[in-house]
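Data block below; observations after.
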Amino acid sequence: MKTSPRRISRLWRCAPGGFAALGAWLSGPVVAAGAAGADQTGQLEEVVVTAEYREEKLQDTPVAITAITAHDIDQRSFSDSFEVGYTVPNASFRPAQAAFGNTMTAFIRGVGQYDFDFAFEPGVGVYVDDVYQPFTMGTQMDLMDMDRVEVLRGPQGTLFGRGSIGGVVRLISKKAEGTDTGYIDVTPGSYKRIDLRAGYDFKLNDNLFARVTGVSRHSDGYQNVVDFACAHPTLAGALQVSDPSKAHHCITGTQGGISVSGLRGQLRWVVGDNFEASLAAEHQADTSEAKADTLLAIVYPKDLSGNTIPTTGYALWNAEYAQHVPTPGAPYGFGIPYDNRFIPPNSYTTYATYNDPNSGLAFKPQSGLDKTAYSGSFDWKLAGKTTLTAIFAYTDMRGQLASDADASPMNLQVTAGEQDYYWATEELRLTGRAFDRADWTFGGFFYQGNAQNHQTVSFPPIIWGVLRNAVGLPPDVAAAIINSEQGKYSVNTSNLADNGAQAGYAHVVFALSPKSHLTLGARYSHDKKDVHFDNSFFIGPINSDDHHFDWRAGLDYKIADNALIYGSASTGYRPPAYNPRPFTATQAVVVGGEEMTSYELGVKADLFNRTLRTNAAVFYSDYDKRIVPIGGTECIAGTFVPPNTPGAILDSNGQTCLAVTSLTSYQQLKGAKIKGAELEVSWRPVAELSIDGSFGYTKWNSPEIDNCDFNQDGKPDPGVTCFNEPVYVPKYNWNVSAAYDIALPGGAKLTPRADLYGQSEICSSVISQLSCTDGYQLLNLRLQWTGAKGRWTAALGGTNVSNKEYFLNKFDLTPFGQNTVEGQPGRPREWYLTMSHRF
């Protein structure tokens with residue numbers, strides 16, 4: 001949707017509350033400020049951000065931005081990057097499901113990316129010390145020695161190396177200052193948790209400073225792996241007890257255990273007032289168990305009347321293979337069906353084994369990451385107020401993943417893989433000030449990366465359907481094939497990608513008057529991807545090459561010394577992608593990139609002598625082009641039959657045949673409209689009490705959500721049932737926290753704290769209600785003692801203290817003709833004790 005200047009004017013005048021009236025109300029006795037805790041007078045402290053590459057108060061930055069300080073991270077007991085999303089309105093950050101490895105699924109204002117595969121570019125850009133992370137895998141990381149995290153909402157392209165259509169997450173670590181200070185934090189807790197964090201900042205000489213930090217986190221898993229044959233011998237058929245010597249209460253292990261370690265070293269060289277260089281090296285190793293994952297539903301493919309189709313591969317496999325009683329002449333099968341007996345009594349139990357007792361297939365349950373990163377940042381102050389910044393970085397990363405989708409001792413779908421990533425980025429940025437009223441930035445960004453995905457997947461039911469229906473083999477022969485060394489791997493992937501990007505951007509903030517500023521920005525991007533693709537079903541090249549131009553325009557005005565109103569319009573872009581999981585050659589397609597135009601109105605105000613901060617924004621996004629997954633079934637070539645043929649199957653394309661495979665595809669759909677509102681509040685009614693909260697509302701409209709119209713012909717698609725929930729986007733999210741400082745004799749203090757985080761329902765598929773997780777609220781409590789000089793602290797805390805059973809995500813395979821729905825349960829109630837020393 002194109003918006004004229006006149007329409008923007010109308011939007012400005014019609015903003016909630018009326019900015020003119022707000023300006024008159026704010027002109028009372030208040031002063032400008034920033035955000036975070038309270039100083040000794042009870043006023044809110046300032047937070048300085050660098051979102052526009054110059055230090056400025058959060059309240060003076062005309063961007064919807066949430067800043068989470070080191071103090072916030074500590075007091076909220078955050079350890080992982082995804083937890084930051086709990087405090088950000090209209091943000092949904094969460095660990096990806098088990099089959100996607102160590103990935104953070106990040107969405108802001110309805111825009112993001114859930115898949116780890118490098119076929120897709122992130123929808124939300126993640127930067128670590130201004131170094132771009134080009135892959136979603138690896139973005140779930142430890143918050144090691146962070147100074148702050150800045151989350152910018154909406155398209156961000158004219159100030160950052162890589163354009164980010166949904167928003168940007170900037171993780172900014174603490175700088176070496178040469179203070180000869182350090183810290184040690186030790187945290188024991190539930191599930192044999194033991195966390196250790198330590199750091200030391202020291203001076204090598206008058207100009208050279210160093211900082212070394214490390215982290216080690218370990219805990220047992222919170223989900224029990226139970227031996228099904230041991231726990232349910234009367235239901236186990238021919239399944240055998242896996243290891244009687246370890247069958248204590250039939251528990252053979254756990255999932256969800258954590259084993260993370262990291263080390264970062266930093267050198268900072270300051271030469272006078274004109275030159276500064278920082279070199280950093282970091283290594284993080286994650287050897288954690290496979291993620292907690294439980295089976296929630298088993299649904300065999302049904303026809304349009306809702307009846308199970310007996311001739312689909314999954315139904316045939318169940319009837320002919322799973323229920324076959326093993327004999328010496330035909331030693332396959334289990335003598336029982338794959339049915340609801342394998343759905344555990346609670347989400348903290350699973351019967352997964354990650355192996356196949358008949359074929360000998362076995363994978364190691366793990367969700368690991370090994371990452372080494374090097375970076376250098378150089379700042380030269382040139383003539384006048386001009387600064388040249390150069391950032392160089394190289395990263396080497398390897399990820400491992402494993403998933404047992406059927407969550408049983410049988411094997412319907414098991415996958416494991418290893419991903420190798422190597423990338424280098426260079427960014428040159430020139431900033432300055434002209435005519436004493438224009439702050440400008442010009443930048444160039446260069447990226448070159450190599451990504452490799454080596455993954456094996458075994459799903460015998462699909463192969464069984466092909467062998468029985470399409471080829472016509474008898475059951476004994478089909479069983480011999482799927483249990484052979486070659487047949488047990490249905491997919492053996494080796495995808496190699498060379499990725500490259502170059503961009504140039506410009507951003508100018510021009511002072512129209514002492515109280516008003518005009519912001520203009522532009523960006524040109526070139527993105528290229530060359531892939532040698534091989535997943536056994538399709539082998540061949542997949543290439544994409546795209547150019548794009550983006551812009552930004554904004555206007556802000558200080559209606560009082562303590563209050564800023566602003567409006568902006570900007571475009572966002574995400575490069576093209578391709579289908580990473582084709583089951584036929586026709587499904588191996590490139591899909592065009594994404595484009596969006598977003599409009600935002602906001603107000604930032606400090607009230608009542610800087611004791612109340614209220615930041616609010618409304619937004620409207622025209623998501624004109626977007627990448628949407630399309631799932632279903634597709635007839636296998638050579639098996640087409642007339643509709644009235646006995647045993648005929650109707651696929652998602654309306655064709656009839658004797659055998660189908662999963663249909664995976666992606667389309668570039670148009671016409672989504674997103675609108676919403678955001679509110680962030682910090683209140684210090686007295687110096688000792690702090691109350692903070694946020695609320696986000698997102699309303700989504702698009703043809704497939706509103707009318708089940710995927711082909712965009714203006715009417716609902718036949719044979720498809722939809723419901724009006726977008727994927728991975730909750731309509732509401734909120735958080736409220738309160739803390740109170742109680743003075744103790746001798747200068748110490750005691751601080752009780754409560755944090756409540758909530759969100760509404762969230763789904764992973766438009767066409768399956770089974771993919772939806774209910775909304776939830778999580779309550780965390782903390783009681784901290786702080787010594788008189790602040791050097792010693794001890795905190796006793798609990799997370800999810802109401803023991804709410806909830807799911808971080810669901811993985812629903814039924815839209816693809818498969819028959820399982822999995823869920824990743826969130827962590828149950830846990831307790832911890834953190835003891836800290838600053839020296």
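Some observations on this one:
- Under the simplified labelling scheme, the ASP530-ALA238 pair shows an inter-label distance of 5.1 nm, with each label point 7 Å from Cα along Cα→Cβ.
- Solvent exposure of the chain as accessible area per residue, Å², 1.4 Å probe: 39 Å²
- Put simply, when 752-758, 462-468, 587-593 are sorted by average Cβ atoms within 10 angstrom per residue, most first, you get 462-468, 587-593, 752-758.
- Residue separation of TRP551 and TRP792 scaled by 0.36 nm, minus their Cα-Cα distance, works out to 81.8 nm of gained length.
- Inter-label distance for TRP440 and LYS699, nm, one decimal - labels placed 7 Å from Cα along Cα-to-Cβ: 4.2 nm
- In Hz, Karplus ³J(HN,Hα) per residue of region 811-824 (6.51, -1.76, 1.60; θ = phi - 60°; x = Gly, Pro): 10, 9, 9, 5, x, 9, x, 8, 10, 10, 10, 10, x, 9
- Neighbour cut-off at most 16 other Cβ (10 Å), DSSP loop, GluC sites (Glu not before Pro), region 742-839: GLU761, GLU805
- Amide H to amide H distances under 5 Å link LEU204 with PHE209, ALA210, where only residues 5 or more positions off or on other chains count and H is placed in the peptide plane.
- Dividing the radius of gyration of the alpha carbons in the chain by their Kirkwood radius gives 0.98 for Rg/Rh.
- Accessible surface of region 426-516 [probe 1.4 Å, protein heavy atoms]: carbon and sulfur percent: 61 percent
- With a threshold of 18 Å on the Cα-Cα distance, the over-threshold entries among LYS364/LYS488; LYS558/LYS699; LYS625/LYS673; LYS529/LYS670 are LYS558/LYS699; LYS529/LYS670.
- DSSP-assigned coil residues among GluC sites (Glu not before Pro) in region 52-137, each with at most 16 further Cβ atoms within 10 Å: GLU55
- Residues listed by number, region 763-790, amide nitrogen under 14 Å from LEU750 label point at 7 Å toward C-beta: 782-787
- Net charge in the neighbourhood of PHE209 (other residues with Cβ under 9 Å of its Cβ; Lys, Arg +1, Asp, Glu -1) is +2.
- Taking the C-alpha atoms of region 102-241, convex hull volume expressed per residue in Å³: 189 Å³
- Considering only alpha-carbon pairs that sit under 8 angstrom and 6 or more positions apart, the relative contact order computed for the chain is 12 percent.
- At R0 = 45 Å, FRET efficiency that the Cβ-Cβ distance of THR327 and ALA637 yields, to 0.05: 0.80
- Share of carbon and sulfur in the accessible heavy-atom surface of region 307-425 [1.4 Å probe, %]: 57 percent
The values are calculated or read from the model by the stated rules, or taken from the named source; none is laboratory data. Quick caveat: nothing in here was measured; it's all calculated off a predicted structure. In this analysis, Cβ positions are derived from the backbone assuming ideal geometry, glycine residues included, and neighbour counts consider all displayed protein chains. SASA here: full protein model, heavy atoms, side chains in, ligands and nucleic acids out. Shrake-Rupley method; radii C 1.70, N 1.55, O 1.52, S 1.80 Å.
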